[in-house]
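The values are calculated or read from the model by the stated rules, or taken from the named source; none is laboratory data. Note that the coordinates shown come from a computational prediction; the quantities given were computed from them, not determined experimentally. Cβ placement follows ideal geometry from the backbone for every residue including glycine, while neighbour counts extend to all protein chains displayed.
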């Protein structure tokens, strides 16, 4: 029954069994994308944290390899990152071509940073005998190191989550670390702790420049309750991060859904890709699935979009080429108060291109099951917002799960809509991934139909395509 259970994702990575949460140690090395992750090998709750391990050649199909790094006398293995030390800056490898180095938090009497290294493409790891490389006795939350090479200052840079702010450290060799600076105490939000940071250098579309982006995961205080990811744009000079946003500015959420958290990027790639944990700490421990608990989002390629001086994160979802059976429908005009229905499968990619809407149009799509359950996305241009309704299906496991999940359109007209439908999730990408919303669902039935509806005025659709996506298992 493994991989065939009710609600088991067929397009998203899950372990065969037991608990997972944050993606860790993302690195591309010698033809493989590595996905490490927080893993409990002994049960379906958050405990006994190890690093689990999976690999992929296309960021879509994954092979689970089991436990990679296990607890020791310093504590359990919390979140962190991995890098390709291609020039053996650490001196941990016999060859000048180096290998993989993992940097992770150990949760024991306090939270400290340790490292391990691998000479066999991440299959086995040797822990550094001088661990921890960054000790800690004072700060309660001192974790989730994300490390990357900063070319301008010729050093490894670590960004570390410290409760209500981030700290930056620098190192020539991944072993000896020097404190550089802190950022964030003057910024919202501090209802929950800051976690799982990342520091990115992303291209700006249609511009001959790049900009720095600082990622912050926060639990709680997300835009729709619970955990979520937001970001700052700005400049990093090798020591300090200088944001474009002022403390009074509205937070920029990477994903307005309820179920996208702890997202971090792969090291050693030409383009920038990331993946998130597809869950929310409000109900992660009681989600109605077994023998696994939790999944990863689909991987996404990142860039920045600039308009009127404002920088927004764009996310292009990754699926496998040639993995689909595409069906196209002719364009349609949906009259006010009317709808059009299309038969689809419950593992599908849906693409809509709109010929034209107005600043006051209200329209959307509904995903309907063979038992009459409806999961609706409504776009309201006049209110500058979209709402995903997931009040149906299995919802009674947590009072925080049923929701009307809202997101901002940043005063931009919606021209394209992509939806990735899986057995227990729907990922929405508007305007080619400029606005995203990731939400888990637990329908009693099977999604079989897509309804396109118009509320207050006609909607003209240029093209409708849906593709049946085959299982990754």
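Note on segment 419-473: enclosed strands (runs of 3 or more DSSP E) holding 2 or more residues that are under 19 Å from residue 387 (Cα atoms), within 21 Å of the chain's Cα centre (by Cα) and touching a residue at least 12 places away in the same chain (Cβ under 8 Å) are 425-430, 435-440. Of the residues 270, 240, the single one that is modelled with pLDDT of 95 or more, surrounded by fewer than 18 Cβ atoms within 10 Å (Cβ to Cβ) and over 29 Å from residue 117 (Cβ atoms) is 240.
So that you can scan it fast, the table gives a plain yes or no per residue for (1) in the same structural domain as residue 250 (by TED's automatic domain parsing); (2) crowded, with 17+ Cβ neighbours inside 10 Å; (3) under 20 Å from the mean Cα position of the chain (by Cα); (4) without any contact (Cβ under 8 Å) to a residue 24 or more places away in the chain:
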site: 160; (1), (2), (3), (4): yes, yes, yes, no
site: 177; (1), (2), (3), (4): yes, yes, no, no
site: 184; (1), (2), (3), (4): yes, yes, no, no
site: 191; (1), (2), (3), (4): yes, no, no, no
site: 200; (1), (2), (3), (4): yes, yes, yes, no
site: 203; (1), (2), (3), (4): yes, no, yes, no
site: 209; (1), (2), (3), (4): yes, no, no, yes
site: 215; (1), (2), (3), (4): yes, yes, yes, no
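Pairing each residue of segment 290-305 that is assigned by TED's automatic domain parsing to the domain that holds residue 423 with any residue that is crowded, with 21+ Cβ neighbours inside 10 Å and at pLDDT 95 or above, provided the two are 6+ apart or on different chains, yields no C-beta distance under 8 Å.
Inspect segment 309-316 for any residue being closer than 17 Å to residue 439 by Cα, in contact with a strand residue (DSSP E or B) (Cβ under 9 Å, 6 or more places away or on another chain), surrounded by 20 or more Cβ atoms within 10 Å (Cβ to Cβ) and touching a residue at least 40 places away in the same chain (Cβ under 8 Å) and give the result as yes or no. Yes, because at least one residue in segment 309-316 is closer than 17 Å to residue 439 by Cα, in contact with a strand residue (DSSP E or B) (Cβ under 9 Å, 6 or more places away or on another chain), surrounded by 20 or more Cβ atoms within 10 Å (Cβ to Cβ) and touching a residue at least 40 places away in the same chain (Cβ under 8 Å).
Okay, residues lined up against (1) within 24 Å of residue 404 (Cα to Cα); (2) part of a strand (DSSP E or B):
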residue	(1), (2)
235	no, yes
257	yes, no
269	no, no
280	yes, no
285	yes, no
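If we keep just the residues of segment 2-18 that are on the phi > 0 side of the Ramachandran plot and in a loop (DSSP other than H, G, I, E, B), which is surrounded by the most Cβ atoms within 10 Å (Cβ to Cβ)? That would be 7.
Residues of segment 135-145 that are surrounded by 18 or more Cβ atoms within 10 Å (Cβ to Cβ), modelled with pLDDT of 95 or more and under 14 Å from residue 75 (Cα atoms): 142, 143. Between 468, 411, 406, 418, the distinction of being more than 22 Å from residue 333 (Cα to Cα) and modelled with pLDDT of 95 or more belongs to 406 only.
Here 75, 52 are screened, and the one residue that is in the same structural domain as residue 294 (by TED's automatic domain parsing), on the phi > 0 side of the Ramachandran plot and in contact with a strand residue (DSSP E or B) (Cβ under 9 Å, 6 or more places away or on another chain) is 75.
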